[in-house]
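Student: The following block contains the structure, expressed as structure tokens.
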Amino acid sequence: MIDKIKLKDYVEGVLADTDCFLTDLSVSPDNNIVVEIDSPGVIDIDFCSALSRRIEEEFPRDVEDYELEVGSAGLTAPFKVRGQWEKNVGNDIEVLTSNGKKLYGLLRELRDDAFILETEQKVKRDGMKRPAIERLELEIPFSDVKRAAYDLKF
């Protein structure tokens, strides 16, 4: 079986000289390898093909056979690494909190262990008959996030 740690270190080394970063790498028991990368910019198929060839040169198939898939994280793929959060500052995102609440809003800012989400929520103030929609800035710890992704609105 391909050594996942060696493969991960190799891929991160190759990506170090680019603006791309590794978002996920999996190696199944039957040597199906999936490498997922992302970038603040665009990742084209030529870049993925070149990375695939470099992996195949470093980990020859005649030594150990495997199936390899190299691709970019999809537009609505869940954020798995900080780089995906960083590239989406200023974009609308969808957040599912660990307590099951869905939030939508603008990813305003990142902090070390939290982020600021600018959102609109219904708020009922004392003396009001009905709740009013107010714009709020919520500081949400990363530890309270079950899933977050770019909010693709149509």
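Student: Would you tell me the accessible area of PHE47, worked out with a 1.4 angstrom probe on the heavy atoms of the protein chains, in Å² to the nearest 10?
Tutor: The accessible area of PHE47 comes to roughly 60 Å².
Student: Give the accessible surface of the range 72-154 per residue, rounded to a whole number of Å², with probe radius 1.4 Å and ligands, DNA and RNA excluded. Let's see the in-between values first.
Tutor: Working: 5480 Å² over 83 residues.
Heavy-atom SASA per residue in the range 72-154 reads 66 Å².
Student: Specify the residue with the greatest mean-square fluctuation among ASP24, ASP46, ASP92, computed from a Gaussian network of the chain linking alpha-carbon atoms under 10 Å apart.
Tutor: Most flexible of the set in this elastic network: ASP46.
Student: Same structure again: Under a 10 Å cutoff between Cα atoms, tell me which one of ILE45, ILE116, ILE55 has the largest fluctuation in the Gaussian network model of the chain.
Tutor: ILE45
Student: In square nanometres, what is the average projected area of the Cα convex hull of the range 1-114?
Tutor: Its average projected convex-hull area is 8.6 nm².
Student: How much of the accessible area of the chain, probe 1.4 Å, is carbon plus sulfur, in whole percent? Show your work: numbers first, answer last.
Tutor: Values: 4590 of 9730 Å².
Percent of accessible area from carbon and sulfur atoms in the chain: 47.
Student: Sticking with this one: What trypsin sites (Lys or Arg not before Pro) in the range 13-83 are in a loop by DSSP, with at most 11 other Cβ atoms within 10 Å of the Cβ?
Tutor: Values: sites: ARG53, ARG54, ARG61, LYS80, ARG82; in loops: ARG61, LYS80.
Sites meeting the loop and neighbour criteria: ARG61.
Student: Could I ask something else about it? Which residue, ILE37, ILE140, ILE93, tops the fluctuation ranking in a GNM of the chain built on C-alpha contacts under 10 Å?
Tutor: ILE140
Student: Of the cross-linked pairs LYS6/LYS101; LYS102/LYS153; LYS8/LYS102, which ones have a Cα-Cα span greater than 27 Å in the structure shown? All intermediate terms of the calculation are to be shown ahead of the outcome.
Tutor: Working: LYS6/LYS101 38 Å; LYS102/LYS153 15 Å; LYS8/LYS102 33 Å.
Exceeds cut-off: LYS6/LYS101; LYS8/LYS102.
Student: Starting at 0 and stepping by 10 Å, how many percent of the alpha carbon pairs of the range 73-154 end up in each bin?
Tutor: 18, 49, 23, 8, 1
Student: May I pose another question? Would you list TYR66, TYR104 from the most to the least accessible area, probe 1.4 Å? Working shown, then result.
Tutor: Details: TYR66 10, TYR104 105 Å².
Ranked list, largest accessible area first: TYR104, TYR66.
The values are calculated or read from the model by the stated rules, or taken from the named source; none is laboratory data. Quantities reported herein were computed from a predicted structural model and do not represent experimental measurements. Cβ sites come from the backbone with ideal geometry, for glycine too, and all protein chains shown count toward neighbours. The area values use the complete protein model at the heavy-atom level, side chains included, leaving out ligands, DNA and RNA. Shrake-Rupley method; radii C 1.70, N 1.55, O 1.52, S 1.80 Å.
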